[in-house]
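> My questions all concern the structure below.
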Amino acid sequence: MRLLVTGGAGFIGSNFIRFYLREHPEDSIINLDKLTYAGNLENLKDIEGDARYQFIHGDIADFNVVDFLLKDGVDAVINFAAESHVDRSINDPSPFLRTNIAGTQILLESSRRNKIPRFIQVSTDEVYGSLEPIGLFTERSALRPNSPYAASKASADLLVRSYFKTYNLPAIITRCSNNYGPYQFPEKLIPLFVTNALSDEPVTIYGDGLNIRDWLYVDDHCRAIDTVLKKGKAGEIYNIGGNTEKTNLEITDIILNILNKPQSLKKFVKDRQGHDRRYAIDSTKIKMELGWEPKYKFEEAIQKTIQWYIDNREWWERIKSGEYRLSNEQRVQSNE
Ligand code: NAD
Ligand code: TYD
């Protein structure tokens with residue numbers, strides 16, 4: 001298979017490319033990425049020279065670039081590209097609408113014209129809004145997005161649905177819970193708190209810290225997407241979750257304990273606007289119909305993840321200091 005992966009220089013996309021090429025030695029991947037602040041070619045340094053991998057610097061909202069790549073013959077599009085951070089969407093929703101909605105529509109339109117046989121939209125459980133205090137999100141739960149980020153992802157999901165219903169584009173939506181693992185941009189809860197704690201800087205807990213997320217190790221998400229790519233049914237939605245609900249305070253304590261850092265690093269700050277209280281996913285459908293289930297236990301995978309940030313201090317220090325931007329720009333120029 002020849003895949004077009006978008007947003008492959010980000011956290012989940014780069015883990016997916018590495019995972020996929022390892023699992024499928026015969027296949028190849030084109031990675032289309034705009035290299036926003038969150039895109040980092042250093043995430044893919046180890047596979048840069050792999051003949052099965054090609055990087056294209058470009059925007060999913062640019063029809064000409066997308067159409068040029070899809071005309072060339074691609075077996076599947078997997079759309080990871082997105083503005084992905086809720087706090088940034090609260091500060092300025094515009095880039096979220098452009099990339100997450102308009103960009104997805106352009107990918108869909110070009111996929112339709114070029115008769116692409118598989119389209120996977122990597123969506124999120126955040127489209128369902130907040131669950132309080134009990135229950136689980138199923139694929140039939142209503143869409144009730146609360147942040148501009150979640151609203152933009154829900155809008156994209158509706159466009160994907162419309163392309164399936166109207167044009168028979170063989171598209172599938174996956175909705176996953178919060179991921180953690182290596183190469184996650186240190187603005188998200190786990191990498192931010194781990195790297196702050198490693199630098200003896202405060203960890204900023206929003207509100208009372210009792211908001212709940214359902215955590216999944218990134219490799220389990222990658223395997224779920226691969227499973228959906230191979231076995232999923234066009235027009236369907238598949239929820240993907242870790243069955244690991246934790247409050248933000250529990251996550252904070254786990255990180256501080258593993259790193260042997262003091263409780264005094266905890267700093268309670270003003271709550272996020274519109275902060276969703278709880279996410280929890282029912283993954284019965286993907287388990288029963290496609291045979292996927294998570295392989296990693298949270299206790300082991302969080303240790304492994306924290307160890308990765310300890311071992312790769314240079315990676316996150318270059319991001320936090322802003323140094324990596326410059327080196328990315330140089331790499332991009334040498335790629336063009
Ligand atoms: P990320 O922010 O780490 O990476 C996003 C990538 O997309 C970056 O490489 C960026 O450069 C690229 N990008 C942004 N705009 C682009 C554009 N217009 N054209 C081309 N590339 C562009 O995000 P992530 O955490 O890896 O998330 C990937 C996908 O998974 C997103 O669609 C997100 O909504 C979804 N998701 C994430 C999580 C999570 O916990 N991180 C959970 C469920 C779903
Ligand atoms: P985040 O990693 O931004 O993911 P999402 O909002 O998409 O779930 O945040 C996870 C949880 O951690 C969420 O409840 C907000 C909270 N949080 C903090 O308490 N402090 C922080 O500095 C950040 C970034 C997040």
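The values are calculated or read from the model by the stated rules, or taken from the named source; none is laboratory data. Here the structure is a predicted model, which is why all the values come from computation and not from measurement. Neighbour counts are summed over all protein chains in view; Cβ atoms, including those assigned to glycine, are modelled from backbone coordinates with ideal geometry. To get the accessible areas, we keep the full protein, side chains included, count just its heavy atoms, and leave off ligands, DNA and RNA. Shrake-Rupley method; radii C 1.70, N 1.55, O 1.52, S 1.80 Å.
> Output the residue which, of all residues in segment 193-208 that are open to solvent by 20 Å² or more (accessible area, probe 1.4 Å), on the phi < 0 side of the Ramachandran plot and not in a helix (DSSP H, G or I), is nearest to ligand 1 (Cβ to nearest atom).
Looking at the filtered set, the residue picked out is 206.
> Examine segment 209-222 for a residue that is more than 24 Å from residue 13 (Cβ to Cβ), open to solvent by 50 Å² or more (accessible area, probe 1.4 Å) and away from ligand 1 (no atom under 12 Å from the Cβ), and state whether such a residue exists.
yes
> Report whether or not residue 277 is farther than 30 Å from residue 321 by Cβ and either more than 18 Å from the chain's Cα centre (by Cα) or free of Cβ contacts under 8 Å to residues at least 24 places away in the same chain (or both).
yes
> Scan segment 264-295 for residues that are within 15 Å of ligand 1 (Cβ to nearest atom) and outside any loop (DSSP other than H, G, I, E, B) and jot them down.
281, 286
> Moving on. Just give me the residues in segment 118-158 being within 13 Å of ligand 2 (Cβ to nearest atom), polar (S, T, N, Q) and part of a loop (DSSP other than H, G, I, E, B), in sequence order.
130, 146, 147
> So, of the residues in segment 166-177 that are in a loop (DSSP other than H, G, I, E, B) and not hydroxyl-bearing (Ser, Thr, Tyr), which turns out to be most open to solvent (accessible area, probe 1.4 Å)?
168
> With 266, 188, 230, 270 as the choices, which residue is surrounded by fewer than 19 Cβ atoms within 10 Å (Cβ to Cβ) and within 18 Å of the chain's Cα centre (by Cα)?
After ruling out the rest, the residue left standing is 188.
> Working carefully through the options 31, 43, 79, 15, find the one that is farther than 20 Å from residue 121 by Cα, open to solvent by less than 20 Å² (accessible area, probe 1.4 Å) and not small (Gly, Ala, Ser).
Exactly one residue qualifies, and that residue is 43.
> Name the residues in segment 221-250 that are under 16 Å from residue 298 (Cα atoms), in a helix (DSSP H, G or I) and in contact with a strand residue (DSSP E or B) (Cβ under 8 Å, 6 or more places away or on another chain), would you?
221, 248, 249
> Moving on to the next point. Which condition from (1) touching a Pro at 6+ places or on another chain (Cβ under 7 Å); (2) within 13 Å of ligand 2 (Cβ to nearest atom); (3) within 25 Å of residue 277 (Cβ to Cβ) is the one that residue 204 breaks?
(1)
> Mind checking which residues of segment 18-40 are part of a helix (DSSP H, G or I) and of a type outside the set (Ser, Thr, Tyr)?
Within segment 18-40, 18, 19, 21, 22, 23 meet the criteria.
> Would you tally the residues in segment 178-192 being farther than 18 Å from residue 322 by Cα and either part of a helix (DSSP H, G or I) or within 7 Å of ligand 2 (Cβ to nearest atom) (or both)? Let's see the steps before the verdict.
Taking segment 178-192 first, the residues farther than 18 Å from residue 322 by Cα are 178-182, 189-190.
With the extra rule that they be either part of a helix (DSSP H, G or I) or within 7 Å of ligand 2 (Cβ to nearest atom) (or both), the set shrinks to 178, 189-190.
So the answer is 3.
> Using the structure shown, decide if residue 181 is farther than 28 Å from residue 39 by Cβ and in contact with a His (Cβ under 9 Å, 6 or more places away or on another chain). Walk me through it before giving the result.
Values: farther than 28 Å from residue 39 by Cβ: no; in contact with a His (Cβ under 9 Å, 6 or more places away or on another chain): yes.
Against the criterion (farther than 28 Å from residue 39 by Cβ and in contact with a His (Cβ under 9 Å, 6 or more places away or on another chain)), residue 181 does not qualify.
> Restricting to segment 83-98, name every residue that is open to solvent by less than 40 Å² (accessible area, probe 1.4 Å) and either more than 16 Å from ligand 2 (Cβ to nearest atom) or outside any helix (DSSP H, G or I) (or both). Before you say what the answer is, go through the steps one by one.
Taking segment 83-98 first, the residues open to solvent by less than 40 Å² (accessible area, probe 1.4 Å) are 83, 85-87, 89, 96.
Of everything in segment 83-98, those that are open to solvent by less than 40 Å² (accessible area, probe 1.4 Å) and either more than 16 Å from ligand 2 (Cβ to nearest atom) or outside any helix (DSSP H, G or I) (or both) turn out to be 83, 85.
> Could you go through segment 165-176 and let me know if any residue there is in contact (Cβ under 8 Å) with a residue 40 or more places away in the chain and within 12 Å of ligand 2 (Cβ to nearest atom).
Yes, that holds for at least one residue.
> Within segment 236-254, does at least one residue satisfy the condition of being among the small types (Gly, Ala, Ser) and either within 14 Å of ligand 2 (Cβ to nearest atom) or free of Cβ contacts under 8 Å to residues at least 24 places away in the same chain (or both)?
Yes, there is a match, as at least one residue in segment 236-254 is among the small types (Gly, Ala, Ser) and either within 14 Å of ligand 2 (Cβ to nearest atom) or free of Cβ contacts under 8 Å to residues at least 24 places away in the same chain (or both).
> Next up: May I ask you to say which residue of 163, 149 is hydroxyl-bearing (Ser, Thr, Tyr), closer than 30 Å to residue 259 by Cβ and surrounded by 21 or more Cβ atoms within 10 Å (Cβ to Cβ)? Walk me through how you get there before you give the answer.
Working: 163 fails: closer than 30 Å to residue 259 by Cβ.
Only one candidate qualifies: 149.
> Now for a separate question. Of all residues in segment 50-82, how many are over 28 Å from residue 206 (Cα atoms), in a loop (DSSP other than H, G, I, E, B) and near ligand 1 (Cβ under 10 Å from one of its atoms)?
The number of residues fulfilling the criteria is 5.
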